[in-house]
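What follows draws every value from the coordinates through simple rules; no lab data is involved. Because the structure is a prediction, the values reported are computed rather than measured. Heads up, the Cβs are rebuilt from the backbone with ideal geometry, glycines too, and the neighbour counts pull from every protein chain shown.
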Amino acid sequence: MKEVFPYKLYLVISEEGCAGRDFLQVAEQAILGGVDIVQLREKKASNSKFREIAFRLQEVLVKTDTPLIINDNLEVAQHVGAYGIHVGNNDVTPSQIRAVWKDCKSIGYSIEYLAQMKSKEVAASDCLAVSPVFKTPTKIDTITEWGLEGVSQIRRETNKPLIAIGNMNSDNVFEVVKAGADCIAVVSAICAAKDPAMAAFTLRNQIEKAL
Ligand SMILES: Cc1ncc(COP(=O)(O)OP(=O)(O)O)c(N)n1
Ligand SMILES: Cc1nc(C(=O)O)sc1CCOP(=O)(O)O
Ligand SMILES: [Mg+2]
């Protein structure tokens, strides 16, 4: 049987986050290096701009059959025919998404409190983000810094695929996977790297070593 979420290295990208470099080239290079799923996270774009950027990214991703996840925006996700969507506690809920987007292949949901684990929203999700594993300047409106013990604690509560996010880098991904993560999601470790392909390759190697 095909695994629902076989992905190991998850790039979260925005046009602005690539600091002047062409974000499509960054995505392309990252995939060459070992990224196998990409999320477009455009927090400030209008719907029409978000759609336009998503279509451009989708054109790059289809060449390698790499799934596109849209952050937050259900309208954009459906419009571009994305693989799935990622949402948190202040967004449209996984159960609302499930009710209206019948062929959505992946709903990701951020876990910020342990109490969420018993919720119907976790039940409606396909994969869960440990949000964040470590504090990060890339996203400062976070609540719990889970740490390695938090990853293991959430692991014990679910068999759903766990995505670790927040300050993930080549020095810590090995132990984060050992603690129970199935997939590592990054922004800076790839988007701010001089060589995104090499950065992805190094991260992927560490992940594979830990599995
Ligand atoms: C893979 C992944 N994990 C967590 C998040 C954070 O989602 P959320 O809590 O909704 O915060 P914003 O990204 O919307 O600011 C994510 N986007 N991706
Ligand atoms: C998009 C996002 N979500 C987070 C969460 O904790 O839910 S942390 C984050 C940004 C991760 O960036 P970096 O890899 O640069 O630390
Ligand atoms: Mg969100």
Inset, instruction - Rounded to the nearest 0.05, what FRET efficiency do residue 194 and residue 114 give with R0 = 22 Å and r taken as the Cβ-Cβ distance? Could you check? - result: 0.05
Inset, instruction - Give me 79, 86 ranked fewest to most by other Cβ atoms within 10 Å of their Cβ, as a rough exposure proxy. - result: 79, 86
Legend entry - Residue (of 107, 129, 143) at the positive-pole extreme of the stretch 101-199, dipole from beta-carbon charges: 107
Inset, instruction - With r as the distance between the Cβ atoms of residue 102 and residue 49 and R0 = 35 Å, compute the FRET efficiency 1/(1 + (r/R0)^6) and round to 0.05. - result: 0.85
Inset, instruction - Given the options 88, 20, 166, state which has the largest fluctuation in a GNM of the chain using a 10 Å cut-off (strictly under) for Cα springs. - result: 20
Legend entry - Calculated FRET value between residue 123 and residue 21, using beta carbons and R₀ = 41 Å, to 0.05: 0.55
Inset, instruction - Could you please rank 117, 168, placing first whichever residue has the fewest other Cβ atoms within 10 Å of its Cβ? - result: 117, 168
Inset, instruction - Please state the charge dipole magnitude for the chain, taken about the Cα centre, from unit charges on C-beta atoms (+1 on K and R, -1 on D and E), reported in debye and rounded to the nearest 20. - result: 240
Inset, instruction - Take each uninterrupted DSSP H stretch in the chain, measure its Cα extent along the helix axis, and return the ones at 24 Å or beyond whose mean Kyte-Doolittle hydropathy is at least -0.5. - result: none
Legend entry - Rounded to 5, the percent of DSSP beta bridges in the chain classed as antiparallel: 5
Inset, instruction - May I ask you to sort 110, 170 by Cβ crowding, counting other Cβ atoms within 10 Å and putting the fewest first? - result: 170, 110
Inset, instruction - Report the relative contact order of the chain, percent, no decimals, based on alpha-carbon pairs under 8 angstrom and at least 6 residues apart. - result: 22
